[in-house]
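J.: One structure coming up, written as structure tokens, with questions to follow.
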Amino acid sequence: MFLNSREKPIELLYYIALSKRKELTNNEKYQLSNLEKGFEGESLYDEIFDFIGHDNLYIIRDLYLHINNSVTQYDSIIVMDNRIVVNEVKNLTGDYRYDNNSWYKNNRQMESDPFIQLNRAKNKIVSLGNKSSLDFYTDSKVIFPNDDFNFTSDNEKMHNQAVMRTQLKNYFRSFRNETIGDNAKNIVQLIKNSITSKPDTADFINISELKQGLYCGHCSSFNLLKGKFQFKCSDCGSIESYETHLVRAMFDYKYLFPSHPMTRLSLLQLIDYKINKNTVFCALKKHCYSVKKGNSTYY
């Protein structure tokens with residue numbers, strides 16, 4: 001059973017919000033595309049696992065563990081009574097090969113090797129287990145869920161560590177005879193005790209770099225006609241209330257400026273004062289927690 005939900009990564013939400021308010025650079029477009037593909041692959045992994053069934057397993061997804069003074073990200077950890085399986089999900093497309101301990105795409109050597117990444121993540125779990133009183137074995141697989149991925153290798157070990165899209169259902173079926181008793185519960189607790197937040201990333205965006213105002217939730221156009229309680233998009237004709245626009249703007253602010261507390265003034269600046277300050281104040285009180293610091297209030 002899934003013990004937690006899989007949410008869109010903070011980085012993905014950041015680039016989505018950023019793409020609405022500025023022309024992305026080539027590097028930003030690349031990052032957005034990679035993050036979208038990664039989340040699509042992880043979601044497909046979850047969907048297929050759901051189809052096969054997993055009531056006899058504990059599965060923790062999309063987490064960061066603090067082990068041996070470093071933080072490691074995990075796409076999926078499957079827990080059973082006597083073992084843990086680490087799954088690294090890579091939604092890659094194209095022709096890849098693994099030769100002479102190197103990872104290639106279309107004959108170009110790649111700097112990022114998913115098998116090395118998987119092995120490091122697995123060894124962290126091994127270390128965690130060795131420092132505990134629990135008895136379990138740790139295994140690992142790289143999951144390639146995209147049916148447009150091709151892989152060849154002269155290394156049999158790499159083949160054994162890889163699960164292709166055509167093999168994925170049978171791979172999940174291989175867990176059908178596993179059980180989850182007290183030892184599995186203790187392993188889950190051991191993992192939960194090591195969960196930490198994602199390491200902070202620098203916030204370089206200045207509000208002056210962004211297009212300020214409100215945009216359509218359907219076509220992203222900033223060409224809006226203001227009514228008494230709602231906006232109508234001039235491009236696609238969709239109608240959204242002031243409140244809908246303000247909630248969207250709050251989410252944009254949250255992901256674009258994670259290290260800057262939101263105030264009524266800062267939100268008004270982001271939306272270019274398209275909605276009056278009293279309406280903005282009411283929406284902040286309704287949808288956010290308020291924190292008072294001296295004479296200032298943050299949301």
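J.: So, in region 126-156, exactly how many residues are farther than 16 Å from Asn87 by Cβ and part of a helix (DSSP H, G or I)?
T.: Looking only at that region, the number is 5.
J.: Return the pairs, sorted by first residue and then second, in which the second residue is open to solvent by 30 Å² or more (accessible area, probe 1.4 Å), the first residue lies in region 160-174 and is part of a helix (DSSP H, G or I), the beta carbons are less than 7 Å apart, and the residues are 6+ apart or on different chains.
T.: Partner pairs satisfying both residue conditions: Gln161/Lys141; Arg165/Asn146; Arg165/Asp147.
J.: Among the residues in region 15-35, are any touching a residue at least 12 places away in the same chain (Cβ under 8 Å), more than 20 Å from Ile116 (Cβ to Cβ) and assigned to a loop (DSSP other than H, G, I, E, B)? Working first, answer last.
T.: Residues of region 15-35 that are touching a residue at least 12 places away in the same chain (Cβ under 8 Å), as a first pass: 15-22, 28, 31-32, 35.
Narrowing further to those that are more than 20 Å from Ile116 (Cβ to Cβ): 15-22, 28, 31-32, 35.
Retained after the next criterion (residues that are assigned to a loop (DSSP other than H, G, I, E, B)): 22.
Yes - at least one qualifying residue is present in region 15-35.
J.: Which is at pLDDT 95 or above, touching a strand residue (DSSP E or B) at 6+ places or on another chain (Cβ under 8 Å) and either open to solvent by 40 Å² or more (accessible area, probe 1.4 Å) or acidic (Asp, Glu) (or both), of Leu57, Leu3?
T.: Answer to the check: Leu3.
J.: Let me ask you something else. Report the residue count in region 184-208 for those that are among the polar types (S, T, N, Q) and at pLDDT 95 or above.
T.: Filtering region 184-208 down to residues among the polar types (S, T, N, Q) leaves 186, 189, 193-194, 196-197, 201, 206, 208.
With at pLDDT 95 or above added as a condition, the list becomes 186, 189, 193-194.
The number of residues fulfilling the criteria is 4.
J.: What's the number of the condition Asn82 fails, among (1) surrounded by 16 or more Cβ atoms within 10 Å (Cβ to Cβ); (2) more than 13 Å from the chain's Cα centre (by Cα)?
T.: (1)
J.: Quick one: in region 241-286, which of the residues that are among the hydroxyl-bearing types (Ser, Thr, Tyr) and closer than 22 Å to Glu209 by Cβ is farthest from the chain's Cα centre (by Cα)? Before you say what the answer is, go through the steps one by one.
T.: In the first step, residues of region 241-286 are kept if they are among the hydroxyl-bearing types (Ser, Thr, Tyr); the result is 241-242, 244, 253, 255, 259, 263, 266, 273, 279.
Okay, now just the ones that are also closer than 22 Å to Glu209 by Cβ, so 253, 255, 259, 263, 266, 273.
Details: Tyr253: 18, Tyr255: 13, Ser259: 19, Thr263: 27, Ser266: 27, Tyr273: 32 Å.
Among those that are among the hydroxyl-bearing types (Ser, Thr, Tyr) and closer than 22 Å to Glu209 by Cβ, it is Tyr273.
J.: Identify all residues within region 243-281 that are hydrophobic (A, V, I, L, M, F, W, C), surrounded by 13 or more Cβ atoms within 10 Å (Cβ to Cβ) and free of Cβ contacts under 8 Å to residues at least 60 places away in the same chain; write none if there are none.
T.: Of region 243-281, the ones hydrophobic (A, V, I, L, M, F, W, C) are 246-247, 249-251, 256-257, 262, 265, 267-268, 270-271, 275, 280-281.
Now restrict to residues that are surrounded by 13 or more Cβ atoms within 10 Å (Cβ to Cβ): 246-247, 249-251, 256-257, 262, 267-268, 270-271, 275, 280-281.
Those that are hydrophobic (A, V, I, L, M, F, W, C), surrounded by 13 or more Cβ atoms within 10 Å (Cβ to Cβ) and free of Cβ contacts under 8 Å to residues at least 60 places away in the same chain: Leu246, Val247, Ala249, Met250, Phe257, Met262, Leu267, Leu268, Ile271, Val280, Phe281.
J.: On to the next question. Out of everything in region 91-111 that is charged (D, E, K, R) and open to solvent by 40 Å² or more (accessible area, probe 1.4 Å), what residue ends up being nearest to Ser127 (Cα to Cα)? Before the answer, list the steps.
T.: We begin by selecting, within region 91-111, every residue charged (D, E, K, R); these are 95, 97, 99, 105, 108, 111.
From what's left, open to solvent by 40 Å² or more (accessible area, probe 1.4 Å): 95, 97, 105, 108, 111.
Numbers: Asp95: 34, Arg97: 30, Lys105: 32, Arg108: 34, Glu111: 26 Å.
Among those that are charged (D, E, K, R) and open to solvent by 40 Å² or more (accessible area, probe 1.4 Å), it is Glu111.
J.: Still on this model: Take Lys226 and decide whether it is open to solvent by 90 Å² or more (accessible area, probe 1.4 Å) and touching a residue at least 24 places away in the same chain (Cβ under 8 Å). Steps first, please.
T.: Numbers: open to solvent by 90 Å² or more (accessible area, probe 1.4 Å): yes; touching a residue at least 24 places away in the same chain (Cβ under 8 Å): yes.
Answer is yes for this residue.
J.: Quick one: what pairs do we get from region 125-140, first residue over 17 Å from Lys192 (Cβ atoms), second small (Gly, Ala, Ser) and open to solvent by less than 40 Å² (accessible area, probe 1.4 Å), C-beta under 9 Å, 6+ apart or different chains?
T.: Asp135/Gly129; Tyr137/Gly129; Ser140/Ala121
J.: So Leu134 ticks every box in (1) closer than 22 Å to Asn68 by Cα; (2) surrounded by 12 or more Cβ atoms within 10 Å (Cβ to Cβ); (3) modelled with pLDDT of 95 or more but one. Which box is left unticked?
T.: The single condition Leu134 does not satisfy is (3).
J.: Could you please let me know if Phe231 is of a type outside the set (Asp, Glu), in a loop (DSSP other than H, G, I, E, B) and crowded, with 17+ Cβ neighbours inside 10 Å? First the steps, then the outcome.
T.: On the way: of a type outside the set (Asp, Glu): yes; in a loop (DSSP other than H, G, I, E, B): no; crowded, with 17+ Cβ neighbours inside 10 Å: yes.
No: the conditions fail for Phe231.
J.: Got a sec? Which of Glu88, Glu47, Glu42 is out of contact with any Leu (no Cβ under 8 Å at 6 or more places or on another chain), at pLDDT 95 or above, open to solvent by less than 50 Å² (accessible area, probe 1.4 Å) and not small (Gly, Ala, Ser)? Even if it seems obvious, please write down each step before you answer.
T.: Values: Glu88 fails: out of contact with any Leu (no Cβ under 8 Å at 6 or more places or on another chain); Glu47 fails: open to solvent by less than 50 Å² (accessible area, probe 1.4 Å).
Of the residues listed, the single one that is out of contact with any Leu (no Cβ under 8 Å at 6 or more places or on another chain), at pLDDT 95 or above, open to solvent by less than 50 Å² (accessible area, probe 1.4 Å) and not small (Gly, Ala, Ser) is Glu42.
J.: Within region 176-198, identify whether any single residue is more than 30 Å from Asn82 (Cα to Cα) and surrounded by fewer than 13 Cβ atoms within 10 Å (Cβ to Cβ), and answer yes or no. Explain how you work it out, then say what you get.
T.: Keep residues of region 176-198 that are more than 30 Å from Asn82 (Cα to Cα), which gives none.
No, that holds for no residue.
The values are calculated or read from the model by the stated rules, or taken from the named source; none is laboratory data. Because the structure is predicted, anything quoted here is derived from the model rather than measured. No Cβ is skipped: glycine too gets one built from the backbone with ideal geometry, and neighbour counts run over all protein chains shown. Ligands, DNA and RNA are excluded from the accessible area calculation, which covers all protein heavy atoms including side chains. Shrake-Rupley method; radii C 1.70, N 1.55, O 1.52, S 1.80 Å.
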